[in-house]
Each structure stands twice: as structure tokens, then as C-alpha cells.
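All remarks here apply to the structure that follows.
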Amino acid sequence: MAESTKSATLTFDGKSIDLPMMSPTAGPDVIDIRKLYAQGNVFTYDPGFTSTAATDSAITFIDGDKGELLYRGYPIEQLADKSHFLEVCYLLLYGELPTAVEMVDFEARVTKHTMVHEQMHYFFRGFRRDSHPMATLVGVVGAMSAFYHDSLDISDQWQREVAAIRMIAKLPTIAAMAYKYSVGQPFVYPRNGLDYASNFLHMCFAVPCEDYQVSPTLAKALDRIMMLHADHEQNASTSTVRLAGSSGANPFACIAAGIACLWGPAHGGANQACLEMLREIGSLDRIPEFIARAKDKNDPFRLMGFGHRVYRNFDPRAKVMKESADEVLDLMGIHNNPLLQIAKELEKIALEDPYFIEKKLYPNVDFYSGIILEAMGFPTSMFTPIFALSRTVGWISQWKEMITDPNQKIGRPRQLYIGKTTRNYVDVADRVK
Ligand code: CMC
């Protein structure tokens, strides 16, 4: 970020305030309003932060009009094609692609931490046996703070690093345990000889009474899904992690807060909601009915997996995901999958409809991911946990960046108060309604 020679002038109530501007390396310029309240006694009003940059960041860049997504400058399409999830983790965490030696070292560090403390198994028993795995994930990740006391001191760089590696390593284990618990099967310990995605598939689908061979095709497809979800700049859950972290909360508590935020259907919960919607549509002839509902202002229904706050063009992740859906289903011998057919037709009809064209609503990452995950054998309840374990590295990278940012302050938005002004307490006997 560079101070810009440009400045903006705000004029109101006969006053004029000059506001400095800053220029990013990419994206629109920013008006710096930090001194606005002190100088002008006014706040800005921006519910949903549609025009507000809450931080500077060097991790991920999105050009919503172009439909471009870069991790540390590298286009997501190139990474999805050539890289793998742990390499992307390294890139997001440390800013550069690793050398071969650095990669081996990083993999070894992550692998060493894949098991969770044995006592943590008892936590799971406290959840109802049919708990949603996201409910379990929020609780157990938050509870990591109770187990890993040697990585709670956020002022210690080494402890921050250990916490980061622990979470990247353990989230798949905890998510798989949450799944196993929800279906009443025994927990499966990690296999450190397997790569990251294969290990997760193994922990989810192996059972003690049978051999389980991980399909390299499925592992590759899952690894790609993880890369596509690894970071997405200042989205709701990432901003939640930063806000929680801004008070000095420990990293496990912050990531648990991010997981809680991700669960909502407008965010990471959309992949589950999208597949459920495709099932509800059920057949091609019912698509117009659902398109009409999505356009009806009096109907709260929205096309799940459509629209995005930042993308006003194709979500580049959705393009990769669509190709993957075709590949995975073909390789698994699933031809003419009815849900994929409905999804493709729905996309086609929506993209030709003036309502979606005018509002620039395109398929997002969640539109096709559920179809792939279902084909792999995951129930819908596991879609958002898989998003969460993939996004963990993004949350941690952003959290680490925030902790070392000299401009970092506790997050504390202001408000436009519209309640009662000062009034006197009335004794209960005198209250008239
Ligand atoms: N179906 C129908 N209409 C929509 C949709 C949709 N999916 N999304 C937005 N609109 C309409 C909305 O009704 C509004 O219309 P109007 O201007 O007439 O009031 C207009 O488009 C702008 O919508 P908005 O809600 O103001 O936009 P936003 O930037 O606040 O919301 C969003 C973005 C992703 C929450 C929203 O598009 C949505 O709810 N999509 C469905 C849920 C979804 O797929 N979420 C996953 C997002 S990508 C992955 C992730 O971040 O987790």
C-alpha cells in the first residue's frame, strides 16, 4: 500500500475536510477516514461493509468485475491446475511458493500434528449422537484452547506458528471425527503416509472391519476443492476471525468464531442449501417455477449457489468446480446425474434471464461443489465442514497478518443510534400502557 498523492474533500455543514487517499497494488483507491470523527464529529454509515476496507492485506485479491481471484498474486486457475493443497497452504501462510526442501519440511511439520489429544475424544461424547458436524466442529475447535496451552500466547511468534500448524493438521481429523460420531461409527486415526486429502477421505470412510483404499481420483478432486476454498480475502467468516482476534483472543477461539460464521446459508452453508435446493427442484420441468420464486420480491427464496457480494461476473472457482464435477462424475461412472443436469439447466436459464443479468448474478463456488462432494459419498451435512477445514489456512494466514500489523486496533464499529434518548425511570406502580 502506498500513500497516494490524491486526496478527497468532504463538505458538510459548511465545513470542508480533506481526507488522504491510499493506492493499493491492485483494486480501487481507498479514502482514509480514520481521522474523520476527530475532525468532523461524524461517522460513516455502511451496513454490511459494502464500501469499507477494514484492513490492508497482502494475501488474496479479487477483481469482482473481471472474475479474477489471486492467492499471493497467483491466479486460482493456475494453482488449481498445477499446485496442491499443502503447497497452497504454504503460499498463503508465508507469501511465496516453497522450494522442494521447504515443502518437505512443511509437510513433515503438518503431518506430525494430525492426531488430536486422546482426551479430546471424550468431548465428542457430550454431543447428541445425531448432531450436525458443524455444531461439533465449532465446539471442539474452540475447546482446543483448553488442550494446547503452549500455543495460546499470541505475542510469541513461535506459539503462533505452532497454533497455525496444529489447526491445519487437526481440522481434517476433527471434521472426520465429527462425521464419524454423527453416523455412529468408530473414530479412524490419521494415516501419516497419506497425502492431506487422501488422509481425510480415509478418516471419513474407512471402518475397522474392512480394507479401504483411497481413490487417487477422488483425492485429487477433493484436494482441488480444498485449494479453491483456501482463502477469499475479507469475507464474513474471515472478518469474524479478525474481529475476534483483534481483542487478543487466542487463535483456537478465533477460528471457532470463523467456523460459526461460515455455517450460515448465505456463506459456507450455501453448498448444503444448494444441493438441497437441487433435490427439491427434482426435475428439469420445475426449474421455471423456482426461477420465478427467486425473482419474486414477496418470496424469501433465493437461488442458492448464485450471487456474490464481490463477483459481478463468473466466480472463477465455479468454473473450475463445474469442470471438476464433469470429470469426477465421469470417472466414477456416474452418467447423466440428474442433479448435475438440473444445475446446468438452471445455470443456463438463469444466465439468460434479465433479472439475473441486470443484477449480475452468476453461479458461485457453492453451486457445483455439493454435486462433487455427494458423488464422493459425503452427506450434505459434511459439505460445510469440508469448506471449514479448507478455509482454516486462510483464516490463520489473515489472523497472523493482523497480529503483526502495526496499524492493528481492536475492531469496534460505530453506530447510527435510532433508539430513545435519555428518559427517567418510572416506578412499576406508575407505569401506564
Ligand atoms: N437469488 C435471487 N436473487 C438474488 C440472489 C439469489 N441467489 N442473490 C442476490 N439476489 C438479488 C437480491 O434479492 C437483491 O435484489 P434487489 O436489489 O432487487 O433487492 C440483489 O440481488 C442484490 O442482493 P444482495 O443480497 O443485496 O447482495 P449481497 O451482496 O448482500 O449478497 C449473497 C450476496 C451471496 C449473500 C447473495 O447473493 C445470496 O444470498 N446468494 C445465495 C447464497 C449463496 O449462494 N451464498 C454463497 C456465497 S459464495 C461462498 C461464500 O462466500 O461462502
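Since every read-out is calculated from the coordinates, none of them should be taken as a lab result. As the structure is a computational prediction, the values presented were derived from the model and not from experiment. Backbone-built Cβ (ideal geometry, glycine too); neighbour counts: all protein chains shown.
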* Asked: Taking N as the number of residues in the chain, what is its alpha-carbon radius of gyration divided by 2.2 N^0.38 Å?
  -> 1.07
* Asked: Can you tell which of Leu351, Leu228, Leu361 shows the greatest fluctuation in a Gaussian network model of the chain with Cα springs below 10 Å?
  -> Leu351
* To do: Work out which helices of the chain, taken as complete DSSP H runs, extend at least 24 Å along their axis over the Cα atoms and score a mean Kyte-Doolittle of -1.0 or more, then list them.
  => 157-183, 383-403
* **Extension gain, Gln185 back to Ala54 (0.36 nm per residue minus Cα-Cα distance, nm)** => 42.8 nm
* Asked: When the chain is modelled as a GNM with alpha-carbon springs shorter than 10 Å, which of Phe290, Phe252, Phe49 fluctuates the most?
  -> Phe49
* Asked: Using the count of nearby Cβ atoms within 10 Å as a rough guide to exposure, how do His229, His117 rank from fewest to most?
  -> His117, His229
* Centroid-to-centroid separation of region 317-368 and region 399-433 [C-alpha atoms, Å] -> 43 Å
* To do: Would you mind checking Lys400/Lys420; Lys35/Lys66; Lys15/Lys66; Lys170/Lys359; Lys170/Lys400; Lys112/Lys400 for any pair whose Cα atoms are more than 29 angstrom apart?
  => Lys400/Lys420; Lys35/Lys66; Lys15/Lys66; Lys170/Lys359
* Asked: What percent does the relative contact order of the chain come to when contacts are Cα pairs within less than 8 Å and at least six residues apart?
  -> 18 percent
* Structure fact -> Across Pro28, Pro363, Pro186, the residue with the highest GNM fluctuation in the chain (Cα network, 10 Å cutoff) is Pro28
* Could you put Met382, Met103, Met120 in order, starting from the residue whose Cβ has the fewest other Cβ atoms within 10 Å? -> Met103, Met120, Met382
* **Local electrostatic count at Phe306 - Lys and Arg +1, Asp and Glu -1, tallied over other residues with Cβ under 13 Å** => +4
* Quick one: Cα centre-to-centre distance for region 113-143 and region 150-226, in angstrom? -> 13 Å
* Residue order, fewest to most beta carbons within 10 Å, for Phe85, Phe387, Phe356 -> Phe356, Phe85, Phe387
* DSSP loop GluC sites (Glu not before Pro) with at most 15 other Cβ within 10 Å excluded, longest remaining stretch of the chain -> 211-433
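For a test of the definition: using alpha carbon positions, the gyration tensor, and the 1.5 limit on a/c, classify region 222-296 as rounded, prolate or oblate. Walk me through the numbers before you get to the answer.
Working: a/c = 3.40, a/b = 2.34, b/c = 1.45.
Because a/c hits 1.5 or more and a/b exceeds b/c, region 222-296 counts as prolate.
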* Quick one: net charge around Glu96, please, counting Lys, Arg +1 and Asp, Glu -1 for every other residue with C-beta under 10 Å from its C-beta. => 0
* Got the relative contact order for region 270-319 handy, in percent, Cα pairs under 8 Å and 6 or more residues apart? -> 37 percent
* Structure fact -> Computed, not fitted: 222 nm per-residue ellipticity of the chain from DSSP H runs ≥ 4 (each -39500 (n - 2.57)), nearest 500, equal to -15000 deg cm²/dmol
